[in-house]
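All of the numbers you see were taken from the coordinates with simple rules; none came from a lab. This structure is a prediction, so every number in the text was calculated from the model and none was measured. Cβ sites come from the backbone with ideal geometry, for glycine too, and all protein chains shown count toward neighbours.
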Amino acid sequence: MSSGPRPPRRPADLLTAAMSRSMRLGPKRNKITVERALRVPMRDGTFLLADHYAPVTREPRPTVLMRCPYGRGWQYAIMARPLAERGYHVLLQSSRGTFGSGGTFRPGSDEASDGQDTVGWLRKQDWFSRRLATVGPSYLAFSAWALALDPPPELTAMAVFISPHDLAAAGFGHGPFELYNLLFWTDVMANEEHFGGIRMTWRTITADRRLASGANRLPLAATAAAVDGAGAPTWYGEWMTHPDPSDLYWDGYRASDALRQVTVPTLLVTGFQDFFIEQTMQQYRTLRDRGLTVGLTVGPWAHLSLDMGLAIRETLAWLDEFADGEQGGRGARAQPVRVWTSGIGRWRELPDWPPADAQDEALHLQGGGELALDQPVTSTAMVATTFRYDPADPTPSVGGRLMSVRHAGSRDNAVLEARPDVLTFTTAPLAAAVEVAGVPSVDLYVRSDNDCFDIFARLCDVDRHGRSRNVTDQIVRLLPGEVPPGDIHRVRLPLTDVSHVFKLGHRIRLQLSGGAHPRFARNLGIAENPAITTAMSGVTHHVQHSPQHPSALVLPVIGGNTLRAALRTPAVSSVVPTAAEEPSRLTT
């Protein structure tokens, strides 16, 4: 029960204040009070708890709504408090069935209606100015999109980070079940109220090791046993029995129509190694194509390494510009798009994404593991390279778009690439730096002796010391009946967005395998339901590289140096590149 508004003086409030100061947010405009555990009624009689952060000022700004299933502690107060200290009312609300809120939590299913009921309650508060913004990362962002399925007339701006709008696509978007990420999240949701803040933080840091044995279990449904404590919620098991994202079961997990309904200026912040990078890019393209004001910031982060200080600074600038409902200015930034270019470690501001001058250039797979400009010639002795995938010894995952504190993002792939079930195709050392910006893709011709398999493709940057680090990747699943066994078939695989410079003397590498476990559930190679079977069958792939079947890696190249120029001239690998040798677009 709420005890009325009071100054924030709890020990956790002091921690929040200290962390806020470290974020370089600029001067505070006012003091604040916090009214905790407000009971907000829903249409079905359920009450959801919320904390109200109120500015002590005669000129309050709009209200920011943050709806969250992870509690109302310091982890989310570090967003609420800075906003309130700069004039905004903030309502931080616990989702249904979490942290004292009534009802039962089911991912996605109640966020639209509960959000609308919360706005209805706000309308009755004398401090509500009839101007509303939504802010938050991850599931908080999904809650914001769910509210935007039917945007309240008071909604004036949105700022969402590492943002999903379709939880079905997050689970089975490319065929294989996103095993590690969803097992990790399920473990968090099952145990977050049973462990204190420090213990929960430690569980998050050590999740990779703790969940490993459970993720290896078969059948797939048995992975639920990895969730200790309270055990896996029922919906985790339900996911296993609905592997088709078009199944009506998943309708309650989607807020995709909000991308066509929302009309307010929207800021999107994500990372190139984030689990939801594809969805955030879809949000950007849809809102941009509709002519809305949209800002996009893409950093080097994975899901759990988002720079929250930067996200809050950009959010404050965005809300200061747009939350009052006046949209006549240029916006809160010089250019709509800011991206971090890996390889050289620089921010770049752009008018759009991907850059308009990006040109697709192909590198063709060759015998002997080479990656070259020209298509293979008829005289090539080797027209295919073979590898075998064994689900009993699945190819492991290394780095990438994981919900992991310790192992996500760009990592050294040396041990992985030494396995016999991993192919690599690599260019000669580059004679000039090459910059890519946009979505690389892989165009493969493959003959397989099993019609049920996955292909995992990864783009890597190999430095002068031979270290191979992943830049982007993707997986695709072929189902029984799609491709006759023994036939050569074409697999087109778009990777995820990149902004990266391959430096002078570095090499470009394409990595191919039959999976990445436990990031993705292994393909058992049979037509039976993987949720309930332990039967397995391997597959042998013959990756084609002939004139008739020219498999290729396609890169969106920008700047002054083309692939042809960088690979036609022998590289001088001992020379350290100067500014003049870098691509012409590197100067911001």
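So here's what we get for this one:
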| quantity | calculated |
| --- | --- |
| Sparse-neighbour loop sites [chymotrypsin sites (Phe, Trp or Tyr not before Pro); region 150-238; at most 16 other C-beta within 10 Å; DSSP] | 195 |
| Computed lengthening from residue 57 to residue 320, 0.36 nm per intervening residue step minus Cα-Cα distance | 93.1 nm |
| Dipole of the chain, positive end: most advanced residue of 267, 168, 221 [Cβ charges, Cα centre] | 267 |
| Label point distance in nm, residue 373-residue 313, each placed 7 Å from Cα along Cα→Cβ | 4.2 nm |
| Environment charge at residue 485 (Cβ cut-off 13 Å; Lys +1, Arg +1, Asp -1, Glu -1) | -3 |
| Positive-end residue of 364, 506, 545, charge dipole of region 359-586 with Cβ unit charges | 506 |
| Sequence-separation-based contact order of the chain, relative, with Cα cut under 8 Å and 6+ spacing, percent | 13 percent |
| Cα gyration tensor, region 51-132 - rounded (a/c under 1.5), prolate or oblate | oblate |
| Set of aspartates and glutamates near residue 124 by C-alpha distance (under 14 Å), chain-local residues within fewer than 8 positions excluded | 154 |
| With Cα atoms, 0 to 90° folded angle of helix 308-322 axis to the chain main axis | 60 degrees |
| Using θ = phi - 60° and Karplus 6.51 cos²θ - 1.76 cosθ + 1.60, couplings along region 97-104 (whole Hz; Gly, Pro as x) | x, 10, 6, x, 6, x, x, 10 |
| Cα-based shape type of region 411-450, given that a ≥ b ≥ c are square roots of the gyration tensor eigenvalues and the cut on a/c is 1.5 | oblate |
| Rel. contact order, % - alpha carbon contacts under 8 angstrom, at least six apart, region 359-586 | 34 percent |
| Cα Rg over Rh - the chain, Kirkwood | 0.99 |
| Packing-based ranking, highest mean first, of 239-251, 472-484 given that Cβ atoms within 10 Å are counted | 472-484, 239-251 |
| Long-range amide H partners of residue 102 with built H, under 5 Å | 47, 48, 49, 97 |
| Computed [θ] at 222 nm, helices only, for the chain once each DSSP H run of length n ≥ 4 contributes -39500 (n - 2.57) | -6000 deg cm²/dmol |
| Neighbour-count order for 139, 88, fewest beta carbons within 10 angstrom listed first | 139, 88 |
